[in-house]
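J.: The structure is given below, and queries will be raised subsequently.
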């Protein structure tokens, strides 16, 4: 099941945003050090690119009972436009998982979760973001569940920095990705029947753009704060080797 969940113009904007962030980091306009992120910056670039391209692929997992579905439309919600695919002889809504908006972000989030040992921090951050997104998410006929694009990334960034400045970039990505998937998609699966959506994609239309923007914000956080000595919140004892005997 292949189609981009957002119009090509909006997809081009996200691609342009991704390229601009990449150029800023590589040009040295931002200070970067990715040890605390848990993944080298080149892997981050590659995974974000795969996430963008992977939004084209939806993996079907279950089919709901037949109903009248909306077909071949562009639905706007909170200023964002989402594509409703063309449906010919469609028996009903198909629940699918988006490769770029669900599978790749979930795998990367789990890796960062265990790599950085963000056990209680990750749980709290994901829970806060999921709760906020759940309150904002709205069922949209023909699309499924959608939420404001830029609000979840901003919440995830604020929560991550409040919990751990040191692991802010990784925590922002984990909270933004898993929190959005849980709060917008998983907790609202019961609202899908009756919306007339040909495909209700977890991590697809309605949530993909927010998850992708979260990845870009995490990249910016890693660049802005990762290399600053003042962000080190670990207590360090003074190095005795650096002490010089007092002069007499």
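J.: Just checking, which of 171, 195, 221 is crowded, with 20+ Cβ neighbours inside 10 Å, at pLDDT below 85 and farther than 22 Å from residue 53 by Cα?
T.: Values: 171 fails: at pLDDT below 85; 195 fails: crowded, with 20+ Cβ neighbours inside 10 Å.
Every option except 221 fails the conditions.
J.: What's the number of the condition residue 60 fails, among (1) surrounded by 12 or more Cβ atoms within 10 Å (Cβ to Cβ); (2) within 19 Å of the chain's Cα centre (by Cα); (3) at pLDDT 85 or above?
T.: Here residue 60 clears every test but (2).
J.: Taking region 92-120 only, how many residues are over 17 Å from the mean Cα position of the chain (by Cα) and either surrounded by fewer than 19 Cβ atoms within 10 Å (Cβ to Cβ) or assigned to a helix (DSSP H, G or I) (or both)?
T.: 6
J.: Could you please let me know if residue 139 is without any contact (Cβ under 8 Å) to a residue 60 or more places away in the chain, in contact with a strand residue (DSSP E or B) (Cβ under 9 Å, 6 or more places away or on another chain) and either surrounded by fewer than 18 Cβ atoms within 10 Å (Cβ to Cβ) or not in a helix (DSSP H, G or I) (or both)?
T.: Yes; evaluated as a whole, the condition is true for this residue.
J.: As an exercise: evaluate residue 185 against (1) surrounded by 20 or more Cβ atoms within 10 Å (Cβ to Cβ); (2) touching a residue at least 40 places away in the same chain (Cβ under 8 Å); (3) touching a helix residue (DSSP H, G or I) at 6+ places or on another chain (Cβ under 6 Å) and give the number of the one condition it does not meet.
T.: Looking at each condition in turn, residue 185 falls short on (3).
One line per residue, one yes/no per condition, for (1) closer than 25 Å to residue 42 by Cα; (2) touching a helix residue (DSSP H, G or I) at 6+ places or on another chain (Cβ under 6 Å); (3) assigned to a helix (DSSP H, G or I):
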{"residue": "160", "(1), (2), (3)": "yes, yes, yes"}
{"residue": "171", "(1), (2), (3)": "yes, yes, yes"}
{"residue": "201", "(1), (2), (3)": "no, no, no"}
{"residue": "209", "(1), (2), (3)": "yes, no, yes"}
{"residue": "218", "(1), (2), (3)": "yes, yes, yes"}
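The values are calculated or read from the model by the stated rules, or taken from the named source; none is laboratory data. A quick note: this is a predicted structure, and the numbers were derived from the prediction, not measured. Cβ sites come from the backbone with ideal geometry, for glycine too, and all protein chains shown count toward neighbours.
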